[in-house]
Amino acid sequence: MRFAHQVVWITGASSGIGEATAYAFAQAGARLVLSSRRPEELERVRRACERPDEHCVLPLDLTRGETFPAAVAEVLARCGRVDVLVNNGGVSQRALAAAADLAVERALMEVNYFGPVALTKAVLPSMLARRAGHIAVVSSVMGYVGTPGRSSYAAAKHALHGYFDSLRAEIWRDGIKVTLICPGYVKTAVSDNALGPRGDKHGRTDSTHTTGITAEKCAAAIVRGVAHGREEVYVGGGEVAGIYVKRFAPWLLSRIVRKMKFSVDGSARR
């Protein structure tokens, strides 16, 4: 098994991509640390994993970076090390830029950018001491492409790319790898839980996600990408092509995006 005897810490592990990634890493032999804000759901996921008694649950709120050093100390005390940190936790957005409250935009950045950065900084010293480790970050196609109704979400994902590309260039000599994962549309509750302009939940699953790839397919790509030491992993449907269009014909992508249908405040617009 590719990850036998390795400790893999996954945030946002109570549902969606994080839950599927937990099952995939467990199947690959890893010992898991499962984190999110919902301990009951984490316990459900732990029990559903292969070899459930090998895994542990550690509730964690990505907006409370001051708790991360103690959380890392607990993981190191229980597991001895962190071989792979999967920064997966996050929240999406459904709001026009002009209508979104600044406080909500700050909250999106706190969860989607500052949370993963702070947790990585808390884990990194132990990896540097061992001169080994792997940091995986679940970004999005939005890390390259901005679309209507997702301004702050796209900003946070773009920021992740800038930060973790720079980090990779700094720590590769220390034996530590960094992988950015860019999913397209995945069949999860991400759109249902997305934040509207006042912080309210979107409350429904968009059609783009009902027809997206399964979380299991995304998780398999994550595990495969980490195992192969890939710097970036793209997984999804045709929307992933937007990354290449952005790179080679940004003017064309701009025209395509302007014509996209998008959903905010429960209504579809052009």
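The values are calculated or read from the model by the stated rules, or taken from the named source; none is laboratory data. Every value quoted in this text rests on a predicted model; they were computed, and no experiment measured them. So basically every Cβ, Gly included, is an ideal-geometry build from the backbone, and we count neighbours across all protein chains shown.
Of all residues in the stretch 53-77, those being within 22 Å of ALA24 (Cα to Cα), assigned to a helix (DSSP H, G or I) and in contact (Cβ under 8 Å) with a residue 40 or more places away in the chain number 1. Taking first residues from the stretch 1-24 that are more than 17 Å from PRO116 (Cα to Cα) and partners that are among the acidic types (Asp, Glu), the Cβ contacts under 6 Å between residues at least 6 apart in sequence or on separate chains come to GLN6/ASP83; VAL7/ASP83; ALA20/GLU216.
In the stretch 179-214, the residue that is farthest from GLU19 (Cα to Cα) out of those that are polar (S, T, N, Q) and touching a His at 6+ places or on another chain (Cβ under 9 Å) is THR179.
Here is a yes/no grid of residues against (1) part of a loop (DSSP other than H, G, I, E, B); (2) surrounded by fewer than 23 Cβ atoms within 10 Å (Cβ to Cβ); (3) touching a helix residue (DSSP H, G or I) at 6+ places or on another chain (Cβ under 8 Å):
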position	(1), (2), (3)
LEU128	no, yes, yes
PRO148	yes, yes, yes
TYR153	no, no, yes
HIS158	no, yes, yes
VAL178	no, no, yes
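Restricting the stretch 58-76 to residues that are touching a strand residue (DSSP E or B) at 6+ places or on another chain (Cβ under 6 Å) and crowded, with 21+ Cβ neighbours inside 10 Å leaves a set whose member that is farthest from GLY18 (Cα to Cα) is VAL75.
Please work out if ALA241 is assigned to a helix (DSSP H, G or I) and crowded, with 17+ Cβ neighbours inside 10 Å. Judged against the criteria, ALA241 is not a match. Kindly indicate whether any position in the stretch 6-14 is part of a helix (DSSP H, G or I) and modelled with pLDDT of 95 or more. The answer is no; no qualifying residue exists.
If I filter the stretch 94-114 for residues that are touching a Leu at 6+ places or on another chain (Cβ under 9 Å), among the basic types (Lys, Arg) and within 23 Å of HIS209 (Cα to Cα), do I get at least one hit? Yes: one or more hits.
Taking the condition of being of a type in the set (Ser, Thr, Tyr), within 30 Å of ALA99 (Cα to Cα) and either under 17 Å from the mean Cα position of the chain (by Cα) or surrounded by 14 or more Cβ atoms within 10 Å (Cβ to Cβ) (or both), how many residues in the stretch 197-225 meet it? First the steps, then the outcome.
Going residue by residue through the stretch 197-225, those that are of a type in the set (Ser, Thr, Tyr) are 205, 207-208, 210-211, 214.
Narrowing the set further to residues that are within 30 Å of ALA99 (Cα to Cα) leaves 205, 207-208, 210-211.
Then keep just the ones that are either under 17 Å from the mean Cα position of the chain (by Cα) or surrounded by 14 or more Cβ atoms within 10 Å (Cβ to Cβ) (or both); that gives 205, 208.
Of the residues in the stretch 197-225, 2 are of a type in the set (Ser, Thr, Tyr), within 30 Å of ALA99 (Cα to Cα) and either under 17 Å from the mean Cα position of the chain (by Cα) or surrounded by 14 or more Cβ atoms within 10 Å (Cβ to Cβ) (or both).
Looking only at residues in the stretch 93-126 that are surrounded by 15 or more Cβ atoms within 10 Å (Cβ to Cβ) and charged (D, E, K, R), the one that is nearest to VAL82 (Cα to Cα) is GLU110. Residues considered: VAL82, VAL123, VAL111. Of these, the only one that is touching a residue at least 60 places away in the same chain (Cβ under 8 Å) and either in contact with a His (Cβ under 6 Å, 6 or more places away or on another chain) or in a helix (DSSP H, G or I) (or both) is VAL123. Tell me, yes or no, whether the stretch 243-250 has at least one residue that is over 16 Å from MET142 (Cα atoms), under 22 Å from the mean Cα position of the chain (by Cα) and touching a residue at least 60 places away in the same chain (Cβ under 8 Å). For the stretch 243-250, residues over 16 Å from MET142 (Cα atoms), under 22 Å from the mean Cα position of the chain (by Cα) and touching a residue at least 60 places away in the same chain (Cβ under 8 Å): absent.
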